[in-house]
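Have a look at the structure below, then the notes.
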Amino acid sequence: PGVGRMVMKGASEFLKPVILELGGKDPMVFCDDVCLDEVMSWSMRGCFQNCGQNCCGVERIFAYEKIHDEFLRRAEEKIRALRQGVPLACCGHDGEVDCGAMVMEGQINIIQALIDDAVKKGATLHCGGKRNTTAGNGYGQFYEPTLISGITSDMRIAKEEVFGPVMCVVKVPNNDDDECIRMINDCDFGLGSSVYSRDAARAKRMGEQIKSGMFTANDFGVNYLVQSLPFGGVKDSGFDRFAGPEGLRACCLERSIVLDRIPFVKTTIPDPINYPIKTSQGMQFS
């Protein structure tokens, strides 16, 4: 958001319109009726695709109390099995990896600060949580795939974008849909969101209450893949859209044009309102 405000400030001097997509804190919800065998792969893809460096990547997983503990058990097993290293089969590397490196060195420090703050405030670190000093033969910008749970609203990681290989799990108490929506919306970001439930109507109903620019029911990421859909967010995730007809229009200067459609028929100005005004022919006001 800070960079977006700087862009707006620079553009304002020239009265230039801007389209801002400023990242997010996207939630992925697993209701109490989901089949974990079916949804675990979605959680892994959402959190660890591109090593978590996706604007619309999953930053918060809301697991309902009924499935929470089993979800954590399965997630930890999968995350510990992730291979990290150089993704290219060269220079002594086989390329058989699941997570690569961070694009920017500074992001590692940001992630570490968020993890340390959460643990200090009571979060449980299940695995990872530190720089990987062995991947890439000890060279490179690697951060271990991480699982952390017990996230509460007073922790920075609940509100600030991680942008790294971290799965943050929030327990939804009493399997309460309303409380889940409240916790999701207690955030300044609003890019994408997804809800998984065997009850499609329930997922749709919850999605309608989430304050985000995009929503998917029982799916993830298709907002970006389907280029005919507008992509963008609300709140600190920015405004306006790219992709879709809306995105094309945002790159255009719209004009209003009026042409005569019927030959020999022209618009004329009636005498009562033709200058100079003839008040005797006009409507009288008392």
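The values are calculated or read from the model by the stated rules, or taken from the named source; none is laboratory data. Remember, predicted model here, so these are calculated numbers, not experimental data. Ideal geometry is used to build each Cβ from the backbone, glycine not excepted, and the neighbour counts take in all protein chains shown. Remember, those area values only see protein heavy atoms, side chains included, never the ligands or the DNA or RNA. Shrake-Rupley method; radii C 1.70, N 1.55, O 1.52, S 1.80 Å.
Numbers for the structure displayed
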read-out: Protection-proxy order for peptides 74-81, 262-269, each taking the mean of Cβ atoms within 10 Å per residue, highest first; value: 74-81, 262-269
read-out: Descending Cα extents along the principal axes, the chain, whole Å; value: 92, 49, 37
read-out: Among beta bridges that DSSP assigns inside segment 112-262, antiparallel share in %, nearest 5; value: 55 percent
read-out: Heavy-atom accessible surface of the chain: percent carbon and sulfur, 1.4 Å; value: 55 percent
read-out: Relative packing of 49-58, 180-189, which averages over residues the other C-beta atoms within 10 Å, highest first; value: 49-58, 180-189
read-out: Separation of alpha-carbon centers, segment 19-36 and segment 87-150, rounded to whole Å; value: 22 Å
read-out: Antiparallel content of DSSP bridges confined to the chain, in %, to 5; value: 30 percent
read-out: Accessible surface, the chain, averaged per residue in Å² (probe 1.4 Å); value: 58 Å²
read-out: Cross-link pairs beyond the 25 Å C-alpha cut-off, checked among 66/130; 25/204; 9/130; 121/204; 130/171; 78/211; value: 66/130; 9/130; 121/204; 78/211
read-out: Structure-based [θ]222 nm, the chain - -39500 (n - 2.57) summed over DSSP H runs of at least 4, per residue, nearest 500; value: -9000 deg cm²/dmol
